[in-house]
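Participant: My structure is below; once you've seen it, I'll send some questions.
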Amino acid sequence: MLKPGSKAPDIDLQDQNGKPFSLAKQGKGKILVYFYPKADTPGCTQQSCGLRDVKAQIGRTKIVGISPDKPEKQKKFDDKYGLGFPLLADTENKVAKAFKVWKKKSMYGREYMGIERSAFLIQDGVILEAWYKVSPKDTPANLLKALGK
């Protein structure tokens, strides 16, 4: 697992509008990178809308969501809820694996690989905070607390 002080893995993915997004090109400042299993599902909607709702309180801190969904599905999710921040398509799970959030999961006795809902506060390529197995409602609260809000 990644810990505060660790170097953040590279992120080079396409956003919901088909534009390339690179963590390295985000410059100075803080950025919250959160991973969610599937766009437009109840938990992921709660998490994403919660972050949308605290945007006005976090100053220049950027928010970026990542899931295995294709850009088209991310776009529909963004349009439906007016999220207003990049949603990145990690269709091959490369970034999820680098952040150690691609895990074996089980539901109804069936095992499968999927995203472990997690969030990371990053500044200048270094992880400031790492929240693994975070609940949807705690993601915005954790961010505000980490920013001293």
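Participant: Name every residue in region 73-120 that is in contact with a strand residue (DSSP E or B) (Cβ under 9 Å, 6 or more places away or on another chain), part of a helix (DSSP H, G or I) and in contact (Cβ under 8 Å) with a residue 40 or more places away in the chain, in order of residue number.
Facilitator: Gln74, Lys75, Phe77, Asp78, Val95, Ala96 - these are the residues of region 73-120 that are in contact with a strand residue (DSSP E or B) (Cβ under 9 Å, 6 or more places away or on another chain), part of a helix (DSSP H, G or I) and in contact (Cβ under 8 Å) with a residue 40 or more places away in the chain.
Participant: Further, regarding this structure: State all residues of region 55-86 that are surrounded by fewer than 18 Cβ atoms within 10 Å (Cβ to Cβ) and aliphatic (A, V, I, L, M); if no residue qualifies, say none.
Facilitator: Selection gives Ala56 alone.
Participant: Is it the case that some residue within region 41-55 is modelled with pLDDT of 95 or more and assigned to a loop (DSSP other than H, G, I, E, B)?
Facilitator: no
Participant: Residue pairs, Cβ under 6 Å, 6 or more apart or interchain, first in region 23-41 and under 15 Å from Asp12 (Cα atoms), second among the charged types (D, E, K, R) and surrounded by fewer than 23 Cβ atoms within 10 Å (Cβ to Cβ). List them.
Facilitator: Ile31/Lys62
Participant: Would you mind finding the one in Leu32, Leu13 that is within 17 Å of Leu143 (Cα to Cα) and either of a type in the set (Val, Ile, Thr) or part of a strand (DSSP E or B) (or both)?
Facilitator: Matching residue, one of Leu32, Leu13: Leu32.
The values are calculated or read from the model by the stated rules, or taken from the named source; none is laboratory data. What you see is a predicted model; the values in this text were computed from it and never measured. Note that each Cβ is placed from the backbone with ideal geometry, even for glycine, and that neighbours are counted across all protein chains shown.
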